[in-house]
Every structure is written in C-alpha cells, then in structure tokens.
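The values are calculated or read from the model by the stated rules, or taken from the named source; none is laboratory data. In this text the structure is predicted, and so the values were computed from the model without any measurement. Heads up, the Cβs are rebuilt from the backbone with ideal geometry, glycines too, and the neighbour counts pull from every protein chain shown. Note: accessible area is taken over every heavy atom of the protein model, side chains too, but ligands, DNA and RNA are not part of it. Shrake-Rupley method; radii C 1.70, N 1.55, O 1.52, S 1.80 Å.
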Amino acid sequence: MNDILNELCDTQVYSIYKQVESIYQKIQITQAEWYGKSQFYCPEGCGECCRNFEPNLLECEALFMAVWLLQNQKDIALKVMNGDFPFIKNNGCPFWNENSPFHCTIYEGRGFICRLFGASGFRSKEGSTVWKPCKFYPSDLLSKQKIPLSHRQYSQEEMELIFGTMPPVMSDLMQQAVEIEPDQTRTELLREILPKVLKRINWILQLKKQSNNDNDDDNGNDTTPLAS
C-alpha cells in the first residue's frame, strides 16, 4: 500500500484529513448506536439513493477522498486527476458501480452526505430532532417494522417511543465539517472538485520528494528518485 499519509504527515493536508477522519468516526459511532437500538437498517445492497445522485463536496471532504484514493486506489486516483472517472454517467456518482452488489467503489472514502443519508435526522424549527425514513425505503418493509412505519416525518417524542433512541443530526455533524475550514464553505460537484484537489496533493508530494532529494544530495547520499 502507498504510504501517502506518512509522506503528508507534516502538511496542512494531513491535519485536515485527520480532522475529517475524526468526524467520520463520530458519525460511525453515533450511527452504530442508532442501528443497534433501532434495528432500522437500509435494505442490503440497495444503493438507490446513489443511483442518480452526485454529491457536492466541501474542500475538506474532497481532500479526504483524494488522500484515501491515493492511499488505496492509486491507479484510479491518477486517472481521476485527469478527469477520467471509472463510472461516468450523465447524472449520478462517477464512483457508483451498477454491477456491484455494494455499488459504492470508494465506500471508506465517501463524503458526508453519503455517510449520513438514510441514517440521520434533522432539526425542526423548534430545535428538536426529527426523522423521516428514506424515500427509497420499500413501503412493505416499513409496514413490517415492530411498530409499523410510513414515509412521514417522526418527532423526537415518537422516535423515543418507537426506537428508544434518535439518529445523529445531519446539520450538527456538517457544521463540524464547515468549522474545519471556515473560509472554504463553498461546495462543488464531486467530478469537478476532486481532480483539482488530487492535482494539488500530487504537487505537494512532488515538492516534498524534490526537497528530500535535494537534502540527500547535500549529504552525499543516493538521489535516485523513488518509484511513483
């Protein structure tokens, strides 16, 4: 595996990556609590929410995705850097694979909305937590829940009664993401922002490699370039 994180360890990119990673871990923990108590899971292999959807990304989540790709799928990352995505469609995520039972090909590197959709609530005007089942969730499965559900909004009180717990709130977690880079709150479509961020990270890596080579040369060491 390419140890990209080690190469970036003393850069701002690494710091932002770790902050995003921390929020993703919080999402995973709170969702695990929600799933564990509610027993309300997405149908296995569904992926309907991603079929014709392409996420908009904050720069920090695009950066996390870029580093993850370089670390885990370097060949694909280098193609994406030049705008060559693996699953280009007119609309829909360019990492969504129709023929895979799991659909998402970058699951561990996916963005905030992809992690939160279907397993998060939102705030009512009064500030309480409210929740609505995913619009793609089959109605027949909703009706078979321990307490039958429908495609409507449920209040905090109803969720306490039905599930004994509440899902994480999307806006609360997204606010934490915005605070990572307060001056970078604009979002762009995945296919527009990711190549740009990959190019920036690649430029940083090349500068660091050149700096290391120059230091080795000054010390009289071998300066043969590392394999890319």
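Looking only at the stretch 8-21, which residues are in contact (Cβ under 8 Å) with a residue 24 or more places away in the chain and farther than 14 Å from W68 by Cβ?
T11, Q19
Quick check on the stretch 111-130. Is at least one of its residues assigned to a helix (DSSP H, G or I), among the hydroxyl-bearing types (S, T, Y) and modelled with pLDDT under 95?
no
Considering each of Y41, Y14, Y24 in turn, give the residue that is of a type in the set (S, T, Y) and either surrounded by fewer than 16 Cβ atoms within 10 Å (Cβ to Cβ) or assigned to a loop (DSSP other than H, G, I, E, B) (or both).
Just one listed residue meets the conditions, Y41.
What do you reckon, is L63 more than 29 Å from L141 (Cβ to Cβ), of a type in the set (A, V, I, L, M) and open to solvent by less than 50 Å² (accessible area, probe 1.4 Å)?
Yes: the conditions hold for L63.
Kindly list, by first and then second residue, each pair from a residue in the stretch 143-164 that is closer than 16 Å to E126 by Cβ and open to solvent by 60 Å² or more (accessible area, probe 1.4 Å) to a residue that is assigned to a loop (DSSP other than H, G, I, E, B) and of a type outside the set (A, V, I, L, M), limited to pairs with Cβ atoms under 9 Å and residues at least 6 apart or on different chains.
Correct list of pairs: Q153/S124; Q153/K132; E157/S128.
List the number of the failed condition for A177; all other conditions in (1) in contact with a Cys (Cβ under 7 Å, 6 or more places away or on another chain); (2) part of a loop (DSSP other than H, G, I, E, B) hold.
(2)
Restricting attention to the stretch 40-57, does a residue exist that is farther than 30 Å from K208 by Cβ and touching a Pro at 6+ places or on another chain (Cβ under 6 Å)?
yes
Kindly provide the set of residues from the stretch 131-162 that are in a helix (DSSP H, G or I), in contact with a Ser or Thr (Cβ under 8 Å, 6 or more places away or on another chain) and under 23 Å from N52 (Cβ atoms), ordered by number.
Correct list: S139, L142.
If only one of K144, K209, K132, K125 is farther than 26 Å from S22 by Cβ and in contact with a His (Cβ under 8 Å, 6 or more places away or on another chain), which one is it?
Going through K144, K209, K132, K125 in turn, the sole match is K132.
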